[in-house]
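Read the structure below first, then the notes.
The values are calculated or read from the model by the stated rules, or taken from the named source; none is laboratory data. These numbers come from a predicted model, not from an experiment. A quick note on method: Cβ atoms are made from the backbone with ideal geometry, for glycine too, and the neighbour counts reach across all protein chains shown. Ligands, DNA and RNA are stripped out before the accessible areas are found, and what is left, the full protein with its side chains, is counted by its heavy atoms. Shrake-Rupley method; radii C 1.70, N 1.55, O 1.52, S 1.80 Å.
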Amino acid sequence: MTRTYSPKVSELVRNWVIIDATDVVLGRLASHAAIILRGKNKPTFSPHLDGGDFVIIINAEKVALTGSKALQKKAYRHSGYPGGLSAVTYAELLEKNPTRAVEKAIRGMLPKNSIGRSQLTKLKVYTGSEHPHAAQQPVPYTFGQVAQ
C-alpha cells in the first residue's frame, strides 16, 4: 500500500527568488509571484502549510498595465468609518506608491486566511533595482513570455 506523502514544517526548504518587474504586465507578475509564495511550483506543495519561497520584486514603478487600465481601473481602500471609501486610479497609485499597487495585486491572489497572511510576509517589493537581500543570494526568475 502506498501512503500519501505530507511534508513536515521541519522538512520545508525556502529559497529566495528575485523578479524584475520592468515592462511586465501587473496581472502576470502577480500571478507568478503568488504561485511562488504559495509553493505551488514545488512537488511538495501542501495547501495547509506555508511552504513557498521568498519573493523580491524590484523596479515596481516600471510595471505595465494593458489597455486603458491605468486611467479607468481604480484602487479602493476603506478607513473603517462610515463613508470612508476612497478610490484612486492606478496611474496615480503607480506614480505615488508603486509598491502598494504590486502588493495589492498579489494580495488578491493569495488565500484570505492566516496562511495567506503569513505568505504575504515573505513578499518584498522595492522601487528601483536596489534591495537589501543580497546576503540571501536570490535566484533570478524569468517569465516564459513577456511580450505585451
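Some notes on this structure:
- Positive dipole terminus of region 1-138, leading residue within Ala135, Asn113, Ile56 (C-beta point charges): Asn113
- Report summary: the helix-based calculation at 222 nm, which adds -39500 (n - 2.57) for every DSSP H run with n ≥ 4 and divides by the residues of the chain, gives -7500 deg cm²/dmol.
- Karplus-derived 3J(HN,Hα), 6.51/-1.76/1.60, for each residue of region 60-67, Hz, glycine and proline x: 5, 6, 9, 5, 9, 10, 8, x
- Distance between the pseudo-spin-label points of Lys40 and Ala134 (7 Å out from Cα toward the beta carbon): 3.5 nm.
- Normalised by the number of residues in the chain, the average gap of Cα pairs under 8 Å and 6 or more apart makes the relative contact order 32 percent.
- Between Ile18 and Ile56, Val139, Tyr141, the built amide H atoms are under 5 Å apart, and every one of these is 5 or more places off in sequence or on another chain.
- Computed over the chain, the quotient of the alpha carbon radius of gyration and 2.2 N^0.38 Å is 1.16.
- Whole-Hz Karplus values for region 39-56 come out as x, 6, 8, 9, x, 9, 4, 9, x, 9, 10, 8, x, x, 9, 7, 10, 10 Hz, taken residue by residue from phi with 6.51 cos²θ - 1.76 cosθ + 1.60 and θ = phi - 60°; glycine and proline positions read x.
- For region 1-84, the share of alpha carbon pairs falling in successive 5 Å distance bins from zero is 3, 12, 16, 15, 13, 13, 12, 8, 4, 2, 1, 0, 0 percent.
- Listed by chain and number, the lysines placed with their C-alpha closer than 17 angstrom to that of Lys8 are Lys40, Lys42; residues fewer than eight positions away on the same chain are left out.
- Accessible-area value, His48, 1.4 Å probe, nucleic acids and ligands omitted, Å²: 110
- A straight Cα-to-Cα reach below 17 Å connects Lys124 with the lysines Lys62, Lys104, residues fewer than 8 places away in its own chain not being considered.
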